[in-house]
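K.L.:
The structure is given below, and queries will be raised subsequently.
The values are calculated or read from the model by the stated rules, or taken from the named source; none is laboratory data. Remember, predicted model here, so these are calculated numbers, not experimental data. Please note: Cβ atoms are built from the backbone with ideal geometry, for glycine as well, and neighbour counts cover all protein chains shown.
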Amino acid sequence: MKIIDETLLTQVADEAKKSPRLRMNYNFHQSLQDKCHRFLNALEPGTFIHVHHHPDKDETFVILKGKVRVSTYNDQGAVAASCVISPDSGTYGVDIPKNVWHGLECLEPSVLLECKAGPFVEHEVDGILELKDGKDIYLAGGCFWGTEHYFKQIEGVVETSVGFANGHTASPTYKEVYTDTTGYAETVHVKYDPDVVSLEFLLQMFFKAIDPTSLNKQGHDEGTRYRTGIYYTNAEDLPTIEKVFAEVQKEYKDPLCVEKLPLQNYYSAEEYHQDYLDKNPTGYCHLPESLFEFARQAKEKK
């Protein structure tokens, strides 16, 4: 979380002046000039900001560039509502009522404005915003319905979502990715608590759920969108990835067909695909039920 520097602030102000809708709805270009605002700058996709509920003030978030998923939670911590805000989609902002817990997930490198108690009034920051601890990795293991459900069973995994990684078009839909012309792989974004489970263990579990020597095919699903891969956002994870790759390669005569690359881009899939097997317990899955039970029982040796 950073206060945006003056150069970026000027760029955003210039962009704001080009948008009649933003001038009409928020008039924030004047607020930028007055500097009566609070910016959040999530530089990396996958950044998650957990926002405590404020007991007596409504809250507004306005997306200036990029794409952010805004979710609200009930008292038990389950998602009560979720929406994506993005200038590209024409949804620039979201209002959140007071006394509601909520969180922000950065889907693309984004610039976000946050304000309370009316348009762009400065407010206290300490105790309201905090960066949620944790790490993440992006795993392509064939059809993302089953792969996501598999990783949700592993102790230490705190959140998952499904989407499309490392393609060459902007904001792809499932139907577009299905044509195998976008370059994307069906991918699961796995967020985990490193105090509970290590990246090494998660990767070992990943290889138990795929055929690593099968190119562009897992189970009955075939196509480049079903290729396997490990996509990282932190270069410090690469030695661990290389170590697990080397260990797995010893088990196979043929070379592994699993990509190991930096994450270039990632777009969340439509809501229909999120938590698919939770919503549709008898839905299609290329993985056997026994593998889910295996994941539930698996424990990392400390």
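K.L.:
Answer yes or no: is there a residue in region 156-168 that is aliphatic (A, V, I, L, M), more than 17 Å from Glu259 (Cα to Cα), touching a Leu at 6+ places or on another chain (Cβ under 8 Å) and free of Cβ contacts under 8 Å to residues at least 60 places away in the same chain.
P.N.:
Yes - at least one qualifying residue is present in region 156-168.
Listed here are the residues, each with its yes/no results for (1) surrounded by fewer than 15 Cβ atoms within 10 Å (Cβ to Cβ); (2) in the same structural domain as His220 (by TED's automatic domain parsing); (3) in contact with a Lys or Arg (Cβ under 9 Å, 6 or more places away or on another chain); (4) at pLDDT below 80.
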| position | (1), (2), (3), (4) |
| --- | --- |
| His102 | no, no, no, yes |
| Glu114 | no, no, yes, yes |
| Glu122 | yes, no, yes, yes |
| Gly127 | yes, no, no, yes |
| Glu148 | no, yes, no, no |
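K.L.:
While we're here: Could you check region 270-291 and list, in sequence order, the residues that are part of a loop (DSSP other than H, G, I, E, B) and either charged (D, E, K, R) or assigned by TED's automatic domain parsing to the domain that holds Glu105 (or both)?
P.N.:
Answer for region 270-291, where residues must be part of a loop (DSSP other than H, G, I, E, B) and either charged (D, E, K, R) or assigned by TED's automatic domain parsing to the domain that holds Glu105 (or both): Glu270, Asp275.
K.L.:
Give the residue that is nearest to the chain's Cα centre (by Cα), with candidates limited to residues of region 274-285 that are of a type outside the set (Val, Ile, Thr) and surrounded by fewer than 18 Cβ atoms within 10 Å (Cβ to Cβ). Even if it seems obvious, please write down each step before you answer.
P.N.:
So the first thing to find is which residues in region 274-285 are of a type outside the set (Val, Ile, Thr), and the list is 274-281, 283-285.
Those left that are additionally surrounded by fewer than 18 Cβ atoms within 10 Å (Cβ to Cβ): 275, 278-281, 283-284.
Working: Asp275: 14, Asp278: 19, Lys279: 20, Asn280: 22, Pro281: 23, Gly283: 24, Tyr284: 24 Å.
For region 274-285, the residue satisfying everything is Asp275.
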